[in-house]
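J.: Here it is, the structure, as structure tokens.
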Amino acid sequence: MTKLRAILTLTAASALLSLATPNLRADDAATPSAPAATSAASAPASATTPEKLKTLPPGNHRLLENMTKHFGLTYDQELEIEPLLHDEESVSKPILGFAAFTPAEQKAMLLTIKLAARRQIRPLLTPDQQAKLDQEIAGMTKSGTDTLRASTMTAPGDDGSASAKKGSGKSKKVVASTEESITKAILAYAALTDAEKQTMIAKVKEASQRPAPVADQPTAKPAS
């Protein structure tokens with residue numbers, strides 16, 4: 001009897017085990033594997049390419065128009081060069097508005113910016129256009145002052161300075177810039193080399209630490 005009960009108990013246990021096994025297999029099949037989910041989640045997003053400029057933005061493009069007239073730029077060249085001229089202006093305006101610079105320091109800083117901008121523009125020109133640009137850059141570099149023609153420089157009053165436009169009788173106000181704002185503009189300007197950026201930032205810091213000139217005080221009249 002004891003052996004018979006043992007046999008019956010084992011038989012019942014085997015039957016219960018066989019019924020539970022399919023359910024376990026079904027649950028395993030319904031659960032996604034962790035590596036597959038991780039792989040899908042970690043798939044990189046597709047990189048976005050900046051859209052190429054198709055038309056010139058609205059506004060005054062006097063500098064670009066002068067360059068087109070002098071170099072004979074095509075419309076495709078204009079679309080590529082206009083953003084570079086805009087970037088140049090984003091640095092030249094803070095330089096013009098930095099009151100701590102002496103006139104000589106301001107000219108030297110602007111010269112560095114303009115040469116850097118021309119380095120960016122030069123590869124976009126044809127060999128004949130490059131030869132013209134090289135001649136003007138050589139003249140500017142030799143004199144150490146702004147001697148580029150109006151076609152490659154900002155026209156009077158268009159560079160953010162207080163100089164009056166011809167025939168307008170009005171002048172643009174120079175927006176004052178700080179050491180922080182001009183440093184950010186220099187660092188953000190991709191046309192400059194790292195060495196140029198460090199040199200320019202050092203000059204900005206040096207000028208900022210100079211004592212401001214003391215204004216002449218009126219002489220008091222002696223009491224009668």
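J.: Ser92 passes all but one of (1) touching a helix residue (DSSP H, G or I) at 6+ places or on another chain (Cβ under 6 Å); (2) small (Gly, Ala, Ser); (3) in a loop (DSSP other than H, G, I, E, B); which number fails?
T.: The number of the failed condition is (3).
J.: Just checking, does the stretch 125-132 include any residue being modelled with pLDDT of 95 or more, small (Gly, Ala, Ser) and either crowded, with 18+ Cβ neighbours inside 10 Å or outside any loop (DSSP other than H, G, I, E, B) (or both)?
T.: Yes.
J.: Now a separate question. Given the residues Leu79, Leu53, Leu73, which is the only one that is farther than 30 Å from Thr178 by Cβ, touching a Pro at 6+ places or on another chain (Cβ under 8 Å), modelled with pLDDT of 55 or more and of a type outside the set (Lys, Arg)? Show your work before the answer.
T.: Working: Leu79 fails: touching a Pro at 6+ places or on another chain (Cβ under 8 Å); Leu73 fails: touching a Pro at 6+ places or on another chain (Cβ under 8 Å).
Checking each option against the conditions leaves just Leu53.
J.: Also: Which one is surrounded by the most Cβ atoms within 10 Å (Cβ to Cβ) among residues in the stretch 177-197 that are farther than 18 Å from Arg118 by Cβ, of a type outside the set (Ser, Thr, Tyr) and in contact with a helix residue (DSSP H, G or I) (Cβ under 7 Å, 6 or more places away or on another chain)?
T.: So the first thing to find is which residues in the stretch 177-197 are farther than 18 Å from Arg118 by Cβ, and the list is 177-185, 187-188, 194.
Add one more test, that the residue is of a type outside the set (Ser, Thr, Tyr), and what stays is 179-180, 182, 184-185, 187-188, 194.
Next cut, in contact with a helix residue (DSSP H, G or I) (Cβ under 7 Å, 6 or more places away or on another chain) only: 179, 182, 185, 187.
Details: Glu179: 15, Ile182: 24, Ala185: 21, Leu187: 15.
The residue in question is Ile182.
J.: Taking Gln106, is it within 18 Å of Asn66 (Cβ to Cβ), modelled with pLDDT of 90 or more and among the polar types (S, T, N, Q)? Talk me through it step by step, then tell me what you get.
T.: Details: within 18 Å of Asn66 (Cβ to Cβ): no; modelled with pLDDT of 90 or more: yes; among the polar types (S, T, N, Q): yes.
For Gln106, the condition - within 18 Å of Asn66 (Cβ to Cβ), modelled with pLDDT of 90 or more and among the polar types (S, T, N, Q) - is not met.
J.: If you scan the stretch 171-187, which residues turn out to be hydrophobic (A, V, I, L, M, F, W, C) and at pLDDT 80 or above? Spell out how you get there, then give the answer.
T.: Of all residues in the stretch 171-187, those hydrophobic (A, V, I, L, M, F, W, C) come to 174-176, 182, 185-187.
Matches in the stretch 171-187: Val175, Ala176, Ile182, Ala185, Ile186, Leu187.
The values are calculated or read from the model by the stated rules, or taken from the named source; none is laboratory data. None of the values given here were measured: they were computed from a predicted structure. All Cβ positions, glycine included, derive from the backbone under ideal geometry; neighbour counts span all protein chains shown.
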